[in-house]
């Protein structure tokens, strides 16, 4: 901290010397127009806002609001062409400027800065960086904003995705319904809506979810999630031949040697065997086989340490998430599973983001974490089990996360 204060003091002396030199010398400062000065100031303020957005100091909404205000102010301040003018000053002006600048800077910093950042950074568990209450408040603020902006389809999609991450499938389905009304020909949106609605109806795809899936496939016969859900719906009806046919249509759309392809082939083989009466029935989850994530996804597997196996029940919720290795601790992508699924292969991508301003692809390095939540709450609580990876590329493959510690 002392080094920072000393450096800041030296920089202040240099800046004041440069600013006060023309005033003390009495020479005119010629050739600076008001328009040019305002434009330079606007550019610098925009750079500061962009840096704050990247660092997570401000959110996307605050960034947009501040940007709009800056643009309006620039237009107002540069409306009239003005000839360069000279500015003369004397010692009184120099004293006023020399006193005002440091006092103003200190006042602004104490008002909106982060003085605590000068001290040593406290050791923080990344899992505790944001509480579930904080994240849920962010989601509720989005819901409130959409009341005054009901035509924002992207906002409704994001709200539906966020509710789904919390297991609030009824609210998720309602949000997707609002988005689908605005974009009725979006196959991916209809598939996401059908998935959420099926979960809200007790993990069943019959009825309205099946109609949404059929509509999605009419629009895009190659939509992976719609094909996956159509196969699952057929499986639920014990139409194993139909399930195999739907899932088989997914194979040309994925990498032949990928984990997705192997999982799909296994499901196709199981459905074919059931159709021929060769194996006992094993009903999959409504959203299985999962639609493969984009090729730019972050992929790996999550395992539970054998030493902690006795501490986890099969129905306990498992959250798999990625966060920036350096920067804001807000999850960039979240996937929800259960202990009975472990070990499980995962794929995280931008479609799982909780905020459009915080995407997985926007960060070079991330840390992947996994947590067994006894309460089903996304925030860590004492008694939960967790583990995390070392920093990895945001599009890495083969990342392994072992859940090997207990939250204290």
Single residue of 226, 196 found to be buried (at least 22 other Cβ atoms within 10 Å of the Cβ), farther than 23 Å from residue 274 by Cβ and modelled with pLDDT under 95: 196
Residue match in the stretch 166-179 (condition: touching a strand residue (DSSP E or B) at 6+ places or on another chain (Cβ under 9 Å) and in contact (Cβ under 8 Å) with a residue 24 or more places away in the chain): yes
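Residue-by-condition table, conditions (1) within 26 Å of residue 203 (Cβ to Cβ); (2) without any contact (Cβ under 8 Å) to a residue 40 or more places away in the chain; (3) out of contact with any helix residue (DSSP H, G or I) (no Cβ under 8 Å at 6 or more places or on another chain):
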| position | (1), (2), (3) |
| --- | --- |
| 135 | yes, no, yes |
| 145 | no, no, no |
| 156 | yes, yes, no |
| 159 | yes, yes, no |
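Each row is one residue, and each column tells you yes or no for (1) outside any loop (DSSP other than H, G, I, E, B); (2) without any contact (Cβ under 8 Å) to a residue 24 or more places away in the chain; (3) more than 30 Å from residue 399 (Cα to Cα).
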| site | (1), (2), (3) |
| --- | --- |
| 196 | yes, no, no |
| 205 | no, no, yes |
| 213 | yes, yes, yes |
| 225 | yes, no, no |
| 228 | yes, no, no |
| 232 | yes, no, no |
| 241 | yes, no, yes |
| 245 | yes, yes, yes |
Members of the stretch 296-322 that are crowded, with 19+ Cβ neighbours inside 10 Å and farther than 20 Å from residue 406 by Cα: 297, 298, 299, 300
Residue within the stretch 379-398 that is at positive phi, in the same structural domain as residue 306 (by TED's automatic domain parsing) and touching a helix residue (DSSP H, G or I) at 6+ places or on another chain (Cβ under 9 Å) present: yes
Selection status of residue 252, out of contact with any helix residue (DSSP H, G or I) (no Cβ under 9 Å at 6 or more places or on another chain), at pLDDT 85 or above, outside the structural domain of residue 367 (by TED's automatic domain parsing) and part of a helix (DSSP H, G or I): yes
Of all residues in the stretch 270-294 being modelled with pLDDT of 50 or more and within 22 Å of residue 340 (Cα to Cα), the one that is surrounded by the most Cβ atoms within 10 Å (Cβ to Cβ): 271
Hey, residue 144 loosely packed, with under 12 Cβ neighbours inside 10 Å and either assigned by TED's automatic domain parsing to the domain that holds residue 374 or more than 13 Å from residue 192 (Cα to Cα) (or both) or not: yes
Neighbours by Cβ (under 9 Å, 6+ apart or cross-chain): first from the stretch 313-341, on the phi > 0 side of the Ramachandran plot; second surrounded by fewer than 18 Cβ atoms within 10 Å (Cβ to Cβ): 327/54; 327/55; 327/56
The stretch 360-408: number of residues that are over 20 Å from the mean Cα position of the chain (by Cα), in a loop (DSSP other than H, G, I, E, B) and crowded, with 19+ Cβ neighbours inside 10 Å: 1
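The values are calculated or read from the model by the stated rules, or taken from the named source; none is laboratory data. Quick caveat, the model's predicted, so the values are computed rather than measured. Heads up, the Cβs are rebuilt from the backbone with ideal geometry, glycines too, and the neighbour counts pull from every protein chain shown.
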